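To start, the structure under review is shown below, and the notes come after it.
FYI, it's all coordinate maths here, none of it is from the lab. Worth saying up front: this structure is predicted, and the values here are computed from it rather than measured. A quick note on method: Cβ atoms are made from the backbone with ideal geometry, for glycine too, and the neighbour counts reach across all protein chains shown.
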Amino acid sequence: MYAKIKDVLSGRFADGEEVEIGGWVVKNRSSGKIVFTLIRDATGEMQVTTRKGNVCDEALKVADALSMECSVIVKGKVRTDPRAPGGKELLATELKLIGTSKDYPIFGREEHNPEVLLDLRHLHVRSKELVAVMKVKDAVLSACREWFRANGFYEVTPPIIISSACEGGSTLFEVKYFEDKAYLSQSAQLYLESLIFGLEKVYSITPSFRAEKSRTTRHLAEYWHIEGEMAWMGLYEMIDMLESLVCFVCNKAAEERYGEIKLIGGDPEYFKALKPPFPRITYDDAIKALQADGFSIKWGEDFGTHEERQLSTHYDKPIFVTEYPAEVKAFYMKDAGNGKVLNVDMIAPKGFGEVIGASERETDLRIIEERLRRQGEDPSKYEWYLDLRRYGSVPHSGFGMGAERLVRWICGLEHIRDAIPFPRTISRSYP
Ligand code: 4AD
Ligand code: MG
């Protein structure tokens, strides 16, 4: 295996020690007799200096002709030099060109309009910025798994091809399923609910699909969904739990990926320091606060981007908004009386919007059937789900957190599409 640039920069190798590195060319500058090449691997960037006399003439010629994104294997001696990026450089003794790269279509990011870069996404995923975001996402997902394991959850694998909607028919993707039709899952929830009867606390991390017709900076047609379902848990106990999950994941990701978050323009200090409690307000109070701020929203209406942004301006932490009108929420949420349900949305600060949707689940079979009917669904399609209320039903709650919404917030990204390597939106499924 080749040595990693991060290990060289961190001083694992002494000056004069010889290492071999495989990487890609970021920049190349040559004066004929001496060539400075900035190379990168998955762990960082460093300067390679190729000098006439240190390498054979052939290698000097190769170094001289290197261009952006050529792949190379370089053998060389480590040398501390405060002028080199990262404080170390490699004095090449051997240099091999592995893959050529003529006219790499992406030069400075600024020079391209976003659509061109999206067409070139298969190459753009090598960029410093997207690589940094993917490292943050890796830290986020692994921190989630760590938290779930430490808190007694089992990871389960629900289906993606499904037969009945969880979040309403309007955003369902239909697929041909042999001679029949089926849909792509919008949420694992209904299946997670069935799995708590054996495992009590379960979670899954799966793709979810929404045929979102609107172009926004926070909707994807395919996103990664972190969902949990807990037996014997009510709404307010779940809110305490979510606070602890979100803080753990933010703290951990910010610690592990401090430099990457900074590089993308985010604020790692904020996420390192984030701790409970988060402010909690009811939907009723949220409506009053919005009206006091001059919004024309009326009780019974759902919040859009503008309302969520306005609500979040009053706080510097995420807020939990509870007990929305049943009319604007899904059929499975527990009736709280007064036309409201026992649900909660977690809204991130600074307009990043809803990151978590959660609720205690309705256990009364007749209420579920009636709400399904009212939402234009046929309860007979949900027979299997209704069985869960017939056989050993228990109070339970669950939540869904959009991985890209969370990563977008942590990284401070303008658009959610940069929180996923290959974004799928209404206008794009290529590359
Ligand atoms: O609020 P939602 O629709 O809730 C559910 O799907 C529940 N069944 C989850 C559950 O209780 N198990 O979606 C949950 C979260 C949202 O808060 C948001 O973070 C994310 O999923 N989300 C999206 N992310 C990106 N693009 C979209 N189109 C999204 N739709 C929802
Ligand atoms: Mg929601």
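Taking the charge dipole of the chain about its Cα centre, with +1 at Lys and Arg Cβ atoms and -1 at Asp and Glu Cβ atoms, the residue from Asn54, Ile416, Gly337 reaching farthest to the positive side is Asn54.
Within the listed set Glu17, Glu167, Glu260, the Gaussian network model of the chain (springs between alpha-carbon atoms below 10 Å) gives the highest mean-square fluctuation for Glu17.
Using the Cα centre as the reference, give the magnitude of the dipole from point charges on the C-beta atoms of region 119-419 (Lys, Arg: +1; Asp, Glu: -1; all else neutral), rounded to the nearest 20 debye.
Dipole size: approximately 620 debye.
Just checking the listed ones, Tyr104, Tyr332, Tyr315: in the Gaussian network model of the chain with Cα springs under 10 Å, the one fluctuating most is Tyr104. The ranking of Trp409, Trp224 from fewest to most other beta carbons within 10 Å of each one's beta carbon is Trp224, Trp409.
Amide H contacts for Val341 (H built 1.01 Å from N in the peptide plane; partners 5 or more residues away or on another chain; cut-off under 5 Å): Tyr324, Ala326, Ala336. Residues in region 238-249 carry Karplus couplings, in order, of 5, 4, 4, 5, 5, 4, 5, 4, 5, 5, 4, 5 Hz; the curve used is 6.51 cos²θ - 1.76 cosθ + 1.60 with θ = phi - 60°, and Gly or Pro positions show x. Under 5 Å between amide hydrogens, built in the peptide plane, is the criterion, and for Arg424 it picks out Ala221, Glu222 among residues at least 5 positions away or on other chains. Which angle from 0 to 90°, rounded to the nearest 10, does the C-alpha axis of helix 189-199 make with the longest principal axis of the chain? With rounding to tens, the tilt is 90 degrees. Residue exposure proxy: Lys102, Lys77, ordered by other Cβ atoms within 10 angstrom of their Cβ from fewest to most, comes out as Lys102, Lys77. Phi-derived couplings, Karplus 6.51 cos²θ - 1.76 cosθ + 1.60 at θ = phi - 60°, listed residue by residue for region 67-82: 10, 3, 6, 4, 9, 9, 10, 10, 10, x, 9, 5, 9, 6, 8, x Hz, with x used for Gly and Pro.
If you run the Gaussian network model on the chain, springs between alpha carbon atoms under 10 Å, then out of Pro105, Pro349, Pro207 the most flexible one is Pro105.
Quick one: of Lys96/Lys262; Lys96/Lys135; Lys135/Lys329; Lys4/Lys137; Lys77/Lys135; Lys52/Lys128, which pairs are farther than 26 Å apart, Cα to Cα? From Lys96/Lys262; Lys96/Lys135; Lys135/Lys329; Lys4/Lys137; Lys77/Lys135; Lys52/Lys128, over 26 Å: Lys96/Lys262; Lys96/Lys135; Lys135/Lys329; Lys77/Lys135; Lys52/Lys128. Taking a straight line from the alpha carbon of Lys317, these lysines sit under 18 Å away, with near neighbours fewer than eight places off in the same chain left out: Lys252, Lys272, Lys275, Lys350.
Once backbone amide H atoms are built at 1.01 Å from N, Thr282 has Thr322 as its partners under 5 Å, excluding neighbours fewer than 5 places away on the same chain. Extents of region 5-99, taken as max minus min of Cα coordinates on every principal axis and listed largest first, are 30, 26, 21 Å.
Counting only DSSP beta bridges with both residues in the chain, tell me the antiparallel percent, nearest 5.
90
The sum of -39500 (n - 2.57) across all DSSP H runs of n ≥ 4, divided by the residue count of the chain, sets its helix-only mean residue ellipticity at 222 nm to -9500 deg cm²/dmol. For region 1-71 versus region 402-431, the inter-centroid distance based on Cα atoms is 33 Å. In summary, the aspartates and glutamates within cross-link reach of Lys334, defined as a Cα separation below 16 angstrom excluding same-chain residues under 8 places away, comprise Glu167, Glu193, Glu229, Glu237, Glu323, Asp345, Glu360, Glu362, Asp364, Glu369, Glu370. Listed by chain and number, the aspartates and glutamates placed with their C-alpha closer than 12 angstrom to that of Lys213 amount to none; residues fewer than eight positions away on the same chain are left out.
One compactness figure for the chain is 1.18, namely its Cα radius of gyration divided by 2.2 N^0.38 Å.
Phi angles of region 278-283 translate, via the Karplus equation with coefficients 6.51, -1.76, 1.60 and θ = phi - 60°, into HN-Hα couplings of 9, x, 10, 9, 7, 4 Hz per residue; Gly and Pro are given as x.
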